[in-house]
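The values are calculated or read from the model by the stated rules, or taken from the named source; none is laboratory data. The structure presented is a predicted model; accordingly, all values stated were derived computationally and were not measured. Virtual Cβ from ideal backbone geometry, glycine too; neighbours counted across all protein chains shown. Just so you know, the surface numbers come from the protein's heavy atoms only, side chains and all, with ligands and any DNA or RNA stripped out. Shrake-Rupley method; radii C 1.70, N 1.55, O 1.52, S 1.80 Å.
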Amino acid sequence: MQKVIDLRSDTLTKPSDGMRRAIADAVVGDSMYIEDPTVIELESYAAKIMGKEAAIFVPSGTMSNLVAVMAHTWERGAEILLGDCSHIHINEQGNIGTIAHVHSRTLTNKSDGTFSIDELVSKIRYNVDSLFPNTALVCIENTHNICNGTPLPLEFIDKVCEIAKSNGIAVHMDGARIFNASLKTGVSVDRIIKNCDSLSFCLSKGLGCPIGSVLVGSKPFIQRAIRCRRVLGGGMRQAGVLAAAGLFALRHNIERMHLDHKHAFMIASAIANQNKSFIKIDMKNIHTNIGYIDVDPKWMTASQLQMRRKLNLESDVLPSKWVSKLQPEYDLLLI
Ligand SMILES: *Cc1c(COP(=O)(O)O)cnc(C)c1O
């Protein structure tokens, strides 16, 4: 029997047996009344490891970022500054415009996920009269998804925060993969976000949970976030069954994440070493658990490649000899 490992995204991870047991055993209550002990435990545990006052459990990373933007831009007429390749700008349907009614202004992302500090400074708007929106928030992304999963340098994060603070502007970090960033840089998660006002991280990616994100920040910020989550329909009832998965992941799954980085590197090297003109990967772009593969559409389009995998056709992409290097129990690996 062949086993197929689907590596389209770290969102495809499934709960382990231990996580399923934690879900089954969860003690629950109505979390909208703040009476679900497991949700309360997850939120306080997350706040503690992130070094912030409070946290809120949210169904998805997209909602978590939206809630963060809404809670930071409480007054009408706000503008946020964010990278032009950021997930919030590219992959969340423009919800900060259509739902949060916030104006966004982009900063050009460099290949490492940063942007120019001079550009940031030049784009902060002072509301000298009624012409401009008020710059209220800067968003940064760590690790940066589209920029090949790069972890942001700590000096960059601290500099952005310093400039924002001196201008009375908040900083939100979309840290969907903050633990990957911490692992790669060797800097603790609480230190990474020390100067940021808020952080959103995903439980449903490399941490292996079926659902969920957590947003952390100050107590007044989280109070506003609770209202924003509710208006978006994200208030949950007996969510302890989901929070139990989150707690399990934070306690057991962070320590195995280095394997994801190792595997991404091995897969990328295997592709690169093929020296094929129709399927390429640049080893310089492998930083954490993300690897973007360039496929020549004359050979096969990306969607055709995906279709082959879905239909579980035999792989002519990766020779099986590579697979034995990964994990002996798997005899076929399709990307
Ligand atoms: C996955 C991701 C999110 C959240 O996505 P959801 O699918 O809503 O959980 C946010 N930011 C980044 C950078 C992501 O990769």
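The residue of the stretch 94-119 that is farthest from the ligand (Cβ to nearest atom), among those that are over 21 Å from residue 143 (Cα atoms) and open to solvent by 80 Å² or more (accessible area, probe 1.4 Å), is 118.
Give the residue that is farthest from residue 20 (Cα to Cα), with candidates limited to residues of the stretch 242-290 that are outside any helix (DSSP H, G or I) and open to solvent by less than 40 Å² (accessible area, probe 1.4 Å).
Filtering the stretch 242-290 for residues that are outside any helix (DSSP H, G or I) and open to solvent by less than 40 Å² (accessible area, probe 1.4 Å), the one farthest from residue 20 (Cα to Cα) comes out as 279.
Within the stretch 94-146, the residues that satisfy the criterion of being among the small types (Gly, Ala, Ser) and either under 21 Å from the mean Cα position of the chain (by Cα) or farther than 29 Å from residue 287 by Cα (or both) are 94, 97, 100, 104, 111, 113, 122, 130, 136. Return yes when residue 172 is within 16 Å of the ligand (Cβ to nearest atom) and assigned to a strand (DSSP E or B) and no when it is not. When the stated conditions are applied, residue 172 passes them. Candidates in the stretch 209-234 are the residues that are touching a helix residue (DSSP H, G or I) at 6+ places or on another chain (Cβ under 8 Å), open to solvent by 10 Å² or more (accessible area, probe 1.4 Å) and within 30 Å of residue 8 (Cα to Cα); of these, the one that is nearest to the ligand (Cβ to nearest atom) is 211. Taking each residue of the stretch 34-60 that is more than 13 Å from residue 236 (Cα to Cα) and looking for partners that are of a type in the set (Lys, Arg) and away from the ligand (no atom under 16 Å from the Cβ) with beta-carbon atoms closer than 7 Å, six or more apart or interchain, yields 51/194; 53/219; 54/219.
Can you report the number of residues in the stretch 180-208 which are of a type in the set (S, T, N, Q), assigned to a loop (DSSP other than H, G, I, E, B), away from the ligand (no atom under 12 Å from the Cβ) and open to solvent by less than 60 Å² (accessible area, probe 1.4 Å)?
Here the count works out to 1.
Within the span defined as the stretch 33-51, every residue fails to be aromatic (Phe, Trp, Tyr), assigned by the TED database to the domain that holds residue 207, within 22 Å of residue 100 (Cβ to Cβ) and under 21 Å from the mean Cα position of the chain (by Cα). Among the residues of the stretch 120-134, none qualifies, meaning not one is surrounded by 19 or more Cβ atoms within 10 Å (Cβ to Cβ) and either assigned to a strand (DSSP E or B) or within 16 Å of the ligand (Cβ to nearest atom) (or both).
Which residues, taken from the stretch 137-169, are open to solvent by 20 Å² or more (accessible area, probe 1.4 Å) and not in a helix (DSSP H, G or I)? 145, 146, 148, 151, 153, 167, 168, listed by residue number.
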